[in-house]
Amino acid sequence: MTSKSKPKPQAKTSQPEPKPAPAIIVFGADQANKPRAASFTGDEVEAATKAAELMKLRVLKVEGPQLTELAASLQAGRIYASGHGFVPPIRPNIYERLSELANPKPVPSLPRSWDEIDVGHLVLAQEVPGEGWWETIVVAKDNDMLTLRWRDNPKYPQLVCHRTSVALLKPTAAEPSTAA
């Protein structure tokens, strides 16, 4: 007995094409103040940037391992013919992380003397004398009076004190010397 059926074609075992890596992240808050973000590939950068402008969202170039990993975890965005885009909602903690990566906080520097203390410097301060010294960042200076923000507790009330009531940390060898 002979079979009249044709042999089945062999299934292709080729690997699926890898999807293009994200080149930018579009993110921000929508009109209802809900966080949104999406990744876009290199060939979508121009259209996604225009859509971000229309939607009043920010554009962040994907550079470095942290942004690459974060971009890969986001949904891919879409661009519509109208020029607007689809940027899905995200969890608030992801939005906070994107904001941090988009606007890294400067590392506070160390003053070499009490006379050199200025805004942005890291100094030690006491909230209550005898209760310990804590790292603070100078956020304002008015003559000899300093307004300090607690480095590890930025939401804690600020402290106002005289410049000589703070302690200085020893500058590291990596910092440039101002001594002649």
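Report the residue count in the stretch 74-94 for those that are part of a strand (DSSP E or B), within 17 Å of GLU53 (Cα to Cα) and either modelled with pLDDT of 90 or more or β-branched (Val, Ile, Thr) (or both).
Within the stretch 74-94, residues that are part of a strand (DSSP E or B), within 17 Å of GLU53 (Cα to Cα) and either modelled with pLDDT of 90 or more or β-branched (Val, Ile, Thr) (or both) number 3.
Just to verify a result, which residue in the stretch 91-126, among those that are among the basic types (Lys, Arg) and within 30 Å of ASP43 (Cβ to Cβ), is nearest to the chain's Cα centre (by Cα)?
Per the stated criteria, the residue is ARG97.
Residue pairs, Cβ under 8 Å, 6 or more apart or interchain, first in the stretch 90-110 and more than 15 Å from LYS34 (Cα to Cα) and not assigned by TED's automatic domain parsing to the domain that holds GLY64, second assigned to a helix (DSSP H, G or I) and at pLDDT below 90. List them.
none
Testing GLY120 on (1) surrounded by 11 or more Cβ atoms within 10 Å (Cβ to Cβ); (2) in contact (Cβ under 8 Å) with a residue 40 or more places away in the chain, one condition comes back false. Which one is that?
Result: GLY120 fails condition (2) only.
Given (1) surrounded by fewer than 13 Cβ atoms within 10 Å (Cβ to Cβ); (2) of a type in the set (A, V, I, L, M); (3) under 19 Å from PRO104 (Cα atoms), where does LEU60 come up short, assuming only one miss?
It fails just one condition, (1).
Count, please, the residues in the stretch 95-142 that happen to be assigned to a strand (DSSP E or B) and either among the small types (Gly, Ala, Ser) or over 30 Å from LEU67 (Cβ atoms) (or both). Reasoning before the result, please.
Just the residues of the stretch 95-142 that are assigned to a strand (DSSP E or B), to begin with: 109, 121-125, 134-142.
Narrowing the set further to residues that are either among the small types (Gly, Ala, Ser) or over 30 Å from LEU67 (Cβ atoms) (or both) leaves 109, 123-125, 134, 136, 138, 140-142.
Qualifying residue count, the stretch 95-142: 10.
For the stretch 48-90, enumerate the residues that are over 13 Å from the mean Cα position of the chain (by Cα) and among the polar types (S, T, N, Q).
Those that are over 13 Å from the mean Cα position of the chain (by Cα) and among the polar types (S, T, N, Q): THR49, SER73, GLN75, SER82.
From the residues in the stretch 22-54 that are of a type in the set (Ser, Thr, Tyr) and under 13 Å from GLY85 (Cα atoms), which one is surrounded by the most Cβ atoms within 10 Å (Cβ to Cβ)? First the steps, then the outcome.
Here is the first cut: in the stretch 22-54, the residues of a type in the set (Ser, Thr, Tyr) are 39, 41, 49.
Restricting the remaining residues to those that are under 13 Å from GLY85 (Cα atoms) gives 39, 49.
Numbers: SER39: 26, THR49: 15.
The selected residue is SER39.
The values are calculated or read from the model by the stated rules, or taken from the named source; none is laboratory data. All of these numbers come straight from a predicted model, not from anything done at the bench. Glycine also receives a Cβ, built like all others from the backbone with ideal geometry; neighbour counts cover every protein chain displayed.
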